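K.L.:
Handing you a structure now.
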Amino acid sequence: MADPSSYRPKPGQIPDSPGVYKFRDEHGRVIYVGKAKSLRQRLASYFQDLAGLHPRTRTMVTTAASVEWTVVSTEVEALQLEYSWIKEFDPRFNVKYRDDKSYPYLAVTLGDEFPRVQVMRGHKQKGVRYFGPYAHAWAIRETVDLLLRVFPVRTCTSGVFRNAHRTGRPCLLGYIGKCSAPCVGRVTPEEHRELAEDFCDFMAGRTGTYIRRLEKEMTAAAEDMEYERAARLRDDIEALRRAMEKNAVVLADATDADLIAVAEDELEAAVQIFHVRGGRVRGQRGWVTDKVEAVDTAGLVEHALQQLYGEESGDAVPKEVLVPALPDDLDAVTQWLSGRRGSQVSLRVPQRGDKRDLMETVGRNAQQSLVLHKTKRASDLTTRSRALEEIADALGLDAAPLRIECFDISHLHGEDVVASMVVFEDGLPRKSEYRRFQIRGRVGDTQVWHGQGQDDVRSMHEVVSRRFRRYLAEKERTGEWLPESGEAPASPLPAEAGPPAGGEADPALVEENGRPRKFAYPPQLVVVDGGRPQVAAARRALDELGIDDVAVCGLAKRLEEVWLPGEDDPVVLPRTSEGLYLLQRIRDTAHDFAIRYQRGKRGKRLRTSPLDDVPGLGEARKRALIKHFGSVKRLRQATIEQICEVPGLGRKTAEAVAVALARTAPAAPAVNTATGEIIEDDDGGTAHGRGSGHE
């Protein structure tokens, strides 16, 4: 726990101007981002008597080890920079709303030559117009099914579209009148785009125009005694009205607005948003967050606005946003929203009438969401806390291990040896910090083992050494740790080891900007998948690097025993122990992550060819060789003169091909276990990697 006075800026050093500030912890990681009209006044409030600070603020300033700031010219720039930094650094003490689901949207790909209507989730893409979000994907499909009768826009995938264009036959929707079949030229691209734009206009709330137009056409068709056409138009009108009835009218003046309500207690807050377009509720979504910083309702609203509109533009930002409390920097937020939309946005609290009534409905939804979330999460929070406490008690730790790293080794009969590292923080997986390693059989400058088949113990020693060498290299680079006089500095990678595993960059080369650097943060506990030998190897690796503040344990699969370094007997946790459940989950996660990597490497190796090693031999000449000889096996039996007969191959290249094939051992023959028959390998060269691939 740091003393805030140790990093408090000197008097007069902080400018009295708008800006954004960052608190960093002892490892340089950004833990809090904030903005202020006056940096001097705001930052001074953090360095008062600790007893006078809010408990969460007190925890933040005692966790931090430094503070820095950036001056901006306006409060709007401060708002934009704060949002960007929160998205970039993911600070642990900032309010972060988390969706309880990935909401589906109705999307129209207007950027395509033939726009397509479909259900989309995830990040929004350019050239796509979105409607929603909806609570369920089936609700979107029901709406689309009704509207396709009137607006027969393409809904098929690119593959189906290309196949129909190639064969000249439309899909089923084209035959039953729910697609205009642009794939076979029934409509021109311009006519199809007009249909898509009419579909978007209807979904955007301009419904009365189409209803009135269709009614006039129906009346005219009836007067001209075109009764079949009139009946079809009647059914179209009914379909549009049924689609409209799915979204009840809530505001009579055809308002376009978003209504945001907040329900909160001391620890958590829930936000609900209703998207109203054309007076109808077109979408609904909700977020829940931990109140990890001292923030009031106005602050929660401001964070929600940033989350909701930070990456939106144009009509996605409505003309009117109704909130339960106005942000402190109302003018700056309003100006920012107007800039995102491109026109004036009204941000206000509804006081009376239909809008106030609807806001109360949104508020009840937020309250219900918070109650439901707390009901689901209460046991989860309690369980995780109890699990970490049980682990600390069983292993004799001073405090609960908030960050746990687990290592596992995976191979197939000693081939393609790999390792995985998974990270759990506060009992939850932190997938962005998972890492994977290729085992090289080196530690430091000494080759420890090579070609000895499976050796999980030495592999575990190597991977733990490499992980913590990088950690020490990062500390040395940032000045947190310096080698003693006469001691050689730890190298982030073993000599001649090549680039880091999995293509990762050397963490010592990563720019110091507050992002979570690879391997930069130490765990309180290292878990290895294995028993006493693997635990001893991991402990020895840490001791060799001089690391004595990280605990080590192993979880053996057979009896689920917990092994500690130097102990003859394991620690046996009760089968109903939450601590054991958590360790098992961490171990199994590392095991699955390692197996996926190992299988991927093995599959890649099986797809390789001895011809890959021939310099200057491209894909075209490889195909020519295989086509000429029929298989790699027959190519290996050919003479240099016979290889030279292949068009485009000179003698020098032919000699290189012959040398490469001679260097690789021929594959062992495959045997049909039922008949004992030897299966010849003449398939063109993909399966020969069983025994003749790269070594």
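K.L.:
What tally of residues in region 160-184 results from selecting those that are open to solvent by less than 40 Å² (accessible area, probe 1.4 Å) and assigned to a helix (DSSP H, G or I)?
P.N.:
5
K.L.:
Let me ask another. Which pairs do you get when a residue that is on the phi < 0 side of the Ramachandran plot, found in region 143-166, comes within reach of a residue that is acidic (Asp, Glu) and part of a helix (DSSP H, G or I), reach meaning Cβ atoms under 8 angstrom, with the pair 6+ apart or on two chains?
P.N.:
Within 8 Å, the pairs are Arg149/Asp235; Arg149/Asp236; Val150/Asp236; Phe151/Asp198.
K.L.:
Could we say that Tyr134 is assigned to a strand (DSSP E or B), of a type in the set (Phe, Trp, Tyr), open to solvent by less than 70 Å² (accessible area, probe 1.4 Å) and touching a strand residue (DSSP E or B) at 6+ places or on another chain (Cβ under 9 Å) here?
P.N.:
no
K.L.:
Right, something else. Can you name the residue in region 529-585 that is out of contact with any strand residue (DSSP E or B) (no Cβ under 6 Å at 6 or more places or on another chain) and of a type in the set (S, T, N, Q) and is also surrounded by the most Cβ atoms within 10 Å (Cβ to Cβ) among such residues?
P.N.:
For region 529-585, the residue satisfying everything is Ser577.
K.L.:
What are the residue pairs meeting all of these: first residue in region 633-656, first residue closer than 18 Å to Pro615 by Cα, second residue of a type in the set (Phe, Trp, Tyr) and part of a helix (DSSP H, G or I), Cβ atoms under 6 Å, and 6 or more apart or on different chains?
P.N.:
Listed pairs, sorted by first residue: Leu635/Phe629.
K.L.:
Let me ask something additional. If I filter region 405-421 for residues that are open to solvent by less than 40 Å² (accessible area, probe 1.4 Å), at pLDDT 85 or above and within 25 Å of Glu268 (Cβ to Cβ), do I get at least one hit?
P.N.:
Within region 405-421, none of the residues are open to solvent by less than 40 Å² (accessible area, probe 1.4 Å), at pLDDT 85 or above and within 25 Å of Glu268 (Cβ to Cβ).
K.L.:
Hey, another quick one. Filter region 51-70 down to the residues that are aliphatic (A, V, I, L, M) and loosely packed, with under 14 Cβ neighbours inside 10 Å and list them by number.
P.N.:
Scanning region 51-70 gives a single hit, Ala51.
K.L.:
When the residues of region 24-37 are narrowed to those that are touching a Pro at 6+ places or on another chain (Cβ under 8 Å) and open to solvent by less than 20 Å² (accessible area, probe 1.4 Å), which ends up modelled with the highest pLDDT?
P.N.:
Per the criteria, the residue is Val33.
K.L.:
Out of the residues in region 75-117 that are surrounded by fewer than 18 Cβ atoms within 10 Å (Cβ to Cβ) and modelled with pLDDT of 85 or more, state the one that is farthest from Gly185 (Cα to Cα).
P.N.:
This residue is Leu81.
K.L.:
Report yes if some residue within region 591-603 is in a helix (DSSP H, G or I), within 39 Å of the chain's Cα centre (by Cα), at pLDDT 85 or above and of a type in the set (Gly, Ala, Ser); otherwise report no.
P.N.:
Yes: one or more hits.
K.L.:
Working only within region 567-590, note down all residues that are outside any helix (DSSP H, G or I), in contact (Cβ under 8 Å) with a residue 12 or more places away in the chain and of a type in the set (Ser, Thr, Tyr).
P.N.:
Ser577
K.L.:
OK, next. Quick one: would you say Arg193 is of a type outside the set (Ser, Thr, Tyr), closer than 23 Å to Tyr130 by Cα, open to solvent by 30 Å² or more (accessible area, probe 1.4 Å) and at pLDDT 90 or above?
P.N.:
So Arg193 fits the description; yes.
The values are calculated or read from the model by the stated rules, or taken from the named source; none is laboratory data. Model, not experiment: these values are computed from the prediction. Note: ideal-geometry Cβ built from the backbone for every residue, glycine included; neighbour counts use all protein chains shown. Remember, those area values only see protein heavy atoms, side chains included, never the ligands or the DNA or RNA. Shrake-Rupley method; radii C 1.70, N 1.55, O 1.52, S 1.80 Å.
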